[in-house]
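Colleague: If you scroll down you'll find the structure; I have some questions about it.
The values are calculated or read from the model by the stated rules, or taken from the named source; none is laboratory data. Everything quoted here is computed from the prediction, not taken from an experiment. Positions of Cβ are backbone-derived with ideal geometry, glycine not excepted, and every protein chain shown enters the neighbour counts.
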Amino acid sequence: MALWLYNSLGRKKEPFVPRQPGQVGIYVCGITAYDYCHIGHARVMVSFDVLVRHLRATGLKVTHVCNFTDIDDKIIRRALQEGVAITDLTTRFIAAFHADMAALGVNRADIEPKATEHLPEMCAMIQTLIDKGLAYESGGDVFYAVDRFPAYGQLSGKHLEELESGARVEVDGRKRNPLDFVLWKGAKPDEPQWSSPWGAGRPGWHIECSAMGVKYLGESFDLHGGGRDLIFPHHENEIAQTEGATGHSWVTCWLHNGFVNVVDDEGRREKMSKSLDNFRTIRDLLTAWRGETIRMFLLNSHYRAPLDFSLDLLDAARAGLDRLYVALRGAQAVLKELPAAGPVDWEHERQERPEGHAVRFREAMEDDLNTPRALAVLFDLARVINRLSTDETTDPEGLRVHVRLLRGLGAILGLCGSAPESHFQFRPEEAGQSEQSGLSDGEVEALIAQRSEARRNRDFQSADRIRKALAEAGIVLEDTKEHTSWRREA
RNA sequence: GGCCGGGUGGCGAAGUGGCCUAACGCAGAGGUCUGCAAAACCUUCAUUCGUGGGUUCAAAUCCCACCCCGGCCUCCA
């Protein structure tokens, strides 16, 4: 078994071989901290979170780095607008990022470097580039001379001549070549600034990822990822900077996920983005859907394919996730206690059940993280579990084994880790629905107790009246022989 | 204009030469179970894969042309 990943550099799937056996370094381009995150950000973070989980589940030791851009034009502008200090603004949105990601079940990266804390590293790299003749000072700024780096364009498949002819790049007299990009921006009055050999100023955007990637993962490492829109110019420039400075190859495999699109009422679709102002923030959606539902929605399509976002699809994802939790809840009723998600013993699974769920799941994941296929395996498992839970002749051990597997495989996708009750009893907070979902858990339980009493007395009229009332409040009941469980429906 | 993705059932989405008369989920239909429901389970739901050619014993999968959707080429995940 081997993991195959689609490498944007070369545009084909390749078997993934860590540079150092058993160890992986991965750098993911994080956010610019000036606003709340939307589904597009969620997709990046969830995709790479799943990749890291998978690498770890297959026995690799992973160092996961995800940076924060905490100084940049947009941040400065936004801080000015809001009349707050830049660090207050970035601190606030970094905290919001952490909260949103926690809700989505995204694990924290091992290292979360901030640009403003790595000025010396960036300056050192810029100086190296100047010394090597790859960068030059001009009018207080420092620029990278793209035509001094022959491999420029290798990642994005762009050729310098074409870029120049197509040029939407604004003319800047200080640049030798219009495509040269800034490494160091000279300070304007009233802007945050750091001292440097080239005068006071601040770093360009691209240099931070080069400097911090090298610092934490080395001059060569395995994986570097982000959204497709970063391929050019951001990642192209990162390569030029880093390989220009070190003189050798930097990242083995570049990974990029597809966009989240928004479809409007006329059926037109476009990329969800900050600049188009057509985004839905994660925290907005979290008022009506569990984070795990959003995760399910994202994982139901392949990470590289374009993905249309809609509320209906979120509902469908919720229904699918319900199915997995129904299976867990049914098993819980039989087993009394739900087995925890232990690590999957791949060797054992391969020998005992070569066609089994675990093997099929892993094969799907190893095919460039085919999460839709991996999810299909989870659904197959849920069916098996449902059958075992309903069949009274079943021995509990077989059921336990399958439940443990569902939770173990689910954990690699970051799913199925909650208690079934907390999934089903999640309460949306959306303002307009407050009346509908006004019943507290305790009130629901009390009404169910009344209904159970009525049913025991075979007073089905009263029982059905209560059930109907609950249904109108968005509560659905499910009777088993000895117990009534309930869930909230959107 | 250059480059990059995508077009598969009512919806979402896998599948990239034979196991595909197309996985899986949602929605729908019938049945079993149930006091009745719900859930579950069983059955059913694309002879067809944007269009037109071609290659092949064999194509959703390869080749050619065309049409449509989205993106990058400027900040963007």
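Colleague: Just need a number here: residues in segment A:15-54 that are within 16 Å of residue A:221 (Cα to Cα) and in a strand (DSSP E or B).
Modeller: 8
Colleague: Still on this structure, please answer the following. Could you grab me the full set of residues in segment A:63-90 that are in a strand (DSSP E or B) and touching a Ser or Thr at 6+ places or on another chain (Cβ under 9 Å)? Show your work before the answer.
Modeller: Applying the first criterion (in a strand (DSSP E or B)) to segment A:63-90 yields A:63-66, A:68-69.
A:68, A:69 - these are the residues of segment A:63-90 that are in a strand (DSSP E or B) and touching a Ser or Thr at 6+ places or on another chain (Cβ under 9 Å).
Colleague: Additional query: From the residues in segment A:361-387 that are free of Cβ contacts under 8 Å to residues at least 40 places away in the same chain and over 23 Å from residue A:338 (Cβ atoms), which one is farthest from RNA strand B (Cβ to nearest atom)?
Modeller: My answer is A:364.
Colleague: Failed condition for residue A:214, given (1) within 15 Å of RNA strand B (Cβ to nearest atom); (2) at pLDDT 95 or above, with all others met?
Modeller: Single failed check for residue A:214: (1).
Colleague: List every residue pair whose Cβ atoms sit under 7 Å apart, with the two residues 6 or more apart in sequence or on different chains, where the first one lies in segment A:471-490 and is more than 7 Å from RNA strand B (Cβ to nearest atom) and the second, anywhere, is among the basic types (Lys, Arg).
Modeller: Once the first residue is more than 7 Å from RNA strand B (Cβ to nearest atom) and sits in segment A:471-490, its partners that are among the basic types (Lys, Arg) give A:474/A:488; A:475/A:488; A:485/A:329; A:488/A:427; A:490/A:318.
Colleague: Quick one: which residue in A:22, A:40 is touching a residue at least 24 places away in the same chain (Cβ under 8 Å), over 23 Å from residue A:204 (Cα atoms) and more than 15 Å from RNA strand B (Cβ to nearest atom)?
Modeller: On the way: A:40 fails: more than 15 Å from RNA strand B (Cβ to nearest atom).
Of the residues listed, the single one that is touching a residue at least 24 places away in the same chain (Cβ under 8 Å), over 23 Å from residue A:204 (Cα atoms) and more than 15 Å from RNA strand B (Cβ to nearest atom) is A:22.
Colleague: Within segment A:364-436, considering only helices (runs of 4 or more DSSP H) that don't extend past its boundaries, which have at least 3 residues that are out of contact with any strand residue (DSSP E or B) (no Cβ under 9 Å at 6 or more places or on another chain) and of a type outside the set (Phe, Trp, Tyr)?
Modeller: Numbers: elements: A:371-390, A:396-413, A:420-424.
Correct list: A:371-390, A:396-413.
Colleague: Only residues that are over 15 Å from residue A:372 (Cα atoms) and not polar (S, T, N, Q): list them for segment A:294-317, please.
Modeller: A:308, A:309, A:311, A:312, A:314, A:315
Colleague: Separate question: When you look at residue A:306, is it in contact with a His (Cβ under 7 Å, 6 or more places away or on another chain) and surrounded by fewer than 16 Cβ atoms within 10 Å (Cβ to Cβ), yes or no?
Modeller: Criteria not met by residue A:306.
Colleague: Another question, if that's okay. Based on what the data block shows, is residue A:399 in contact with a Lys or Arg (Cβ under 9 Å, 6 or more places away or on another chain) and away from RNA strand B (no atom under 11 Å from the Cβ)?
Modeller: So residue A:399 fails the test.
Colleague: Pick out the one residue from A:27, A:6 that is among the hydroxyl-bearing types (Ser, Thr, Tyr), surrounded by fewer than 20 Cβ atoms within 10 Å (Cβ to Cβ), at negative phi and within 14 Å of RNA strand B (Cβ to nearest atom).
Modeller: On the way: A:27 fails: surrounded by fewer than 20 Cβ atoms within 10 Å (Cβ to Cβ).
So the residue among A:27, A:6 that is among the hydroxyl-bearing types (Ser, Thr, Tyr), surrounded by fewer than 20 Cβ atoms within 10 Å (Cβ to Cβ), at negative phi and within 14 Å of RNA strand B (Cβ to nearest atom) is A:6.
Colleague: Restricting to segment A:449-470, name every residue that is touching a Ser or Thr at 6+ places or on another chain (Cβ under 7 Å) and either closer than 28 Å to residue A:287 by Cα or within 9 Å of RNA strand B (Cβ to nearest atom) (or both).
Modeller: Across segment A:449-470, the qualifying residue is only A:454.
Colleague: Any idea how many residues of segment A:284-293 are in a helix (DSSP H, G or I) and within 15 Å of RNA strand B (Cβ to nearest atom)?
Modeller: Residues in segment A:284-293 being in a helix (DSSP H, G or I) and within 15 Å of RNA strand B (Cβ to nearest atom): 3 in total.
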